[in-house]
Every structure is written in C-alpha cells, then in structure tokens.
Amino acid sequence: MSNLIKPIDYKPLLDMKQTEQGIKTIKEFFQMNLSTELRLRRVTAPLFVMKGLGINDDLNGVERPVSFPIKDLGDATAEVVHSLAKWKRLTLAEYKVEPGHGVYADMNAIRADEELDNLHSLYVDQWDWEMVMKEGQRNLEFLKNIVRRIYSAILRTEYLVCESYFEIKPFLPEEIHFVHSEDLLAMYPDKTAKEREDLICKKYGAVFLIGIGGELADGKPHDGRSPDYDDWTTGTAPGYRGLNGDILIWYPVLGRSVELSSMGIRVNPKALLYQLQITGKTEREKLYFHKRLLAGELPESIGGGIGQSRLCLILLHKAHLGEIQSSIWPDEMRKECRKYGMTLI
C-alpha cells in the first residue's frame, strides 16, 4: 500500500463503458500497426511450459513461477510463463521465419511475487514479439531503428484515441530520446536508478534507456536482466555496453516515468556463455534452450515485450491498472483507490 500513488483531483475522462471500448480500439489498432511496421506474423502462444527446459523467462532471477503437476505426465511440473522471451526464438526456428520478418503473440502471465501498485499487477499481458535479424544488423543503430518504428506505432495509436474521444488530449512527444544508462548515471550520480529514470523522462517525455543488466561505473547494474536472452555485455562504443534497453515515457497523470517495453538484440553463443559465466549460471548450458542456441540452431534475433494494459492505461489517461484489467487487489487498496477516483474492475 505504501507504493500506491494517489493523484490529487484525479477524475477518469471516460466511463467504464467507454473505457472498455477504448481498450478494444487500442489493442486492435496497435497490434495491426506493430505487425505491419516490423513484418510480424501472429502466432499462438503457450500459457505454461515444462519446468527444467530453460524456456521460461527468469526475469531478475528471484521471482517464483506459478507451477502445477500434470497428471497425465506422471506429475511432471509445468510453469506458468513469466514472458515468452526464449520461447519466441525457438518458434522462429521451428517456423523457419526468414530474415527481416518475425512473430508476435498475445502473452498472458501470472507473476505472483509482484508488489502491487498503480502499475504492477499479478496478471501481465504483453505483445511479445521477435524478429530474425539480417547479417550485419547486430549493432546499436539497428536497435535504435526498431525502437523508433515501435514508438511511431504508439504515436499513431495515440492519435486514433484522441480522434475517438475528444476528452483525451495527446501528450507524447514527436520523437523518442536515446540515452545510455552509463551516461544517465554520470548525469545524476547521487540518485537511485528509478529517480534517474524519472528525471530524464520528465526532461524529454519519451526515452529509450540503453544498456540494462551490466554493471555500471558505480559497480551496480541499472536494473536486473536474465543472462540468457538480451545481450547486455556486448560493447556499443568504448566504455559502453548493452544492445538492449527500455522504452520509458513521462506520465503526467501519475507524475512519474512508466516503462512500456523491455527489448533488445538477443544473445549469440559468445554473449550467452559470457553472461552465464559472470552471473554464475553456467549450469544452464545443459538446458534444452541453451544447448540449441549454443549449437547454432536458433537464428540471430531482436525482440521484446510491450505491455498491453500499460499502453491502454497511458493512452486512456487512467491512474491504476485496475481500471484497465480485471485482477486481484488488496481490499484496502480498493478502498483507497475509490476515495481518489480510481474504480478498480
């Protein structure tokens, strides 16, 4: 409850019926634009995967996946996905997707260890996407190009929402600003990582923060990243590392920055081995996903996840994810939210 933001004088601009219609409009329009922009084909995604194959996303390495035994498989354990980061790369190989094309899926996950607040729920819904890279695209400029194209799809969706509901006014900047996490630390050395994100996003409106997962000059990573999907150790320039990052925007309704997407160029065999070594996870080399990657059976790719409920929240100018999605919230949070104009579904 201490993390709950209670915006003063908050009033939802749309009623519940309009909100549901707006959610449908945003989801249908954005995924069509994302698919067209990046040449992505929709694929059907799993809700759960088998434990012990190395396919589930480990996030920061401490979150516990929801698991259950399967009767017809001798009580073998399945895990509800955290995301589809590694599953998508296997799918690219299975579908023999050609370079310059990719896949996307509706990802639904349960993250039982989330600390619940305005932006974090037990239920996570994302557009998970993955694209096969062409030769010569393993570089920072290609990553930036993809970020700009995704941000363009977000801007087009914002325009549609504002045309559909006169109460909603646009607030996103025309362009997204790029900054490396190392430079951000140098700009605000006495601030926490979250405070640095807020300051840079308030200044530029929309930011892609490069290089998340590796240690910075202060000996700490900007934020945690699993060692086996994003490449966060390959150098992009002398003294800089990371071919991944987050799309962040400044959100006036809550007076803070909001992460809309985590994405990056994926590990190749060399980066995987190095990142497993420096994180003390070398035992993963024996897992199904990792063995296939190290054997050269998976394509070079770039991919990420884009929060569906979060995108709807910011484009409909809502103050709490519970106004967008149906989930479980503490009774005390529901009461507090009601007092401040946030009606949770």
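Quick notes
- DSSP beta bridges in segment 128-274 [antiparallel fraction, %, rounded to 5]: 80 percent
- Listed candidates (i) 19.4, 62; (ii) 21.7, 80; (iii) 19.9, 57 - label of the one calculated as Rg and Dmax of the Cα atoms in Å: (iii)
- Based on DSSP H segments of at least four residues, each scored -39500 (n - 2.57), the chain has a per-residue ellipticity at 222 nm of -10000 deg cm²/dmol.
- Dipole of segment 16-339, positive end: most advanced residue of Asn244, Phe289, Ala217 [Cβ charges, Cα centre]: Phe289
- Degrees separating the helix 193-204 axis from the principal Cα axis of the chain, which is the longest one: 60 degrees
- For segment 1-82, applying the loop criterion from DSSP together with a ceiling of 15 other beta carbons within 10 Å to the GluC sites (Glu not before Pro) yields Glu63.
- Taking GluC sites (Glu not before Pro) across segment 270-299, the ones in a DSSP loop with at most 12 further Cβ atoms lying within 10 angstrom of their Cβ are Glu297.
- Segment 135-172: GluC sites (Glu not before Pro) in DSSP loop, at most 15 other beta carbons within 10 Å: Glu135, Glu167
- Annotation: extensible slack from Glu98 through Glu215 equals 38.7 nm (criterion: 0.36 nm per residue apart, minus Cα-Cα distance).
- Where both bridge residues fall in the chain, DSSP classifies roughly 85% of the beta bridges as antiparallel.
- Simple Cβ-charge dipole of segment 16-339, Lys/Arg +1 and Asp/Glu -1, about Cα centre, in debye nearest 20: 460 debye
- When the Cα positions of Ile5, Met133, Leu185 are compared along the charge dipole of the chain, Met133 comes out farthest toward the positive end, with charges on each C-beta of Lys, Arg, Asp and Glu.
- The chain: angle of helix 140-164 to the longest principal axis, Cα-based, in degrees nearest 10: 30 degrees
- Relative contact order of the chain, pairs being alpha-carbon contacts under 8 Å that are 6 or more residues apart, as %: 21 percent
No value in this document is a laboratory result; all are computed from the given coordinates. Keep in mind it's a predicted model, so treat the numbers as computed, not measured. Here the Cβ is made from the backbone with ideal geometry for all residues, glycine too, and neighbour counts use every protein chain on show.
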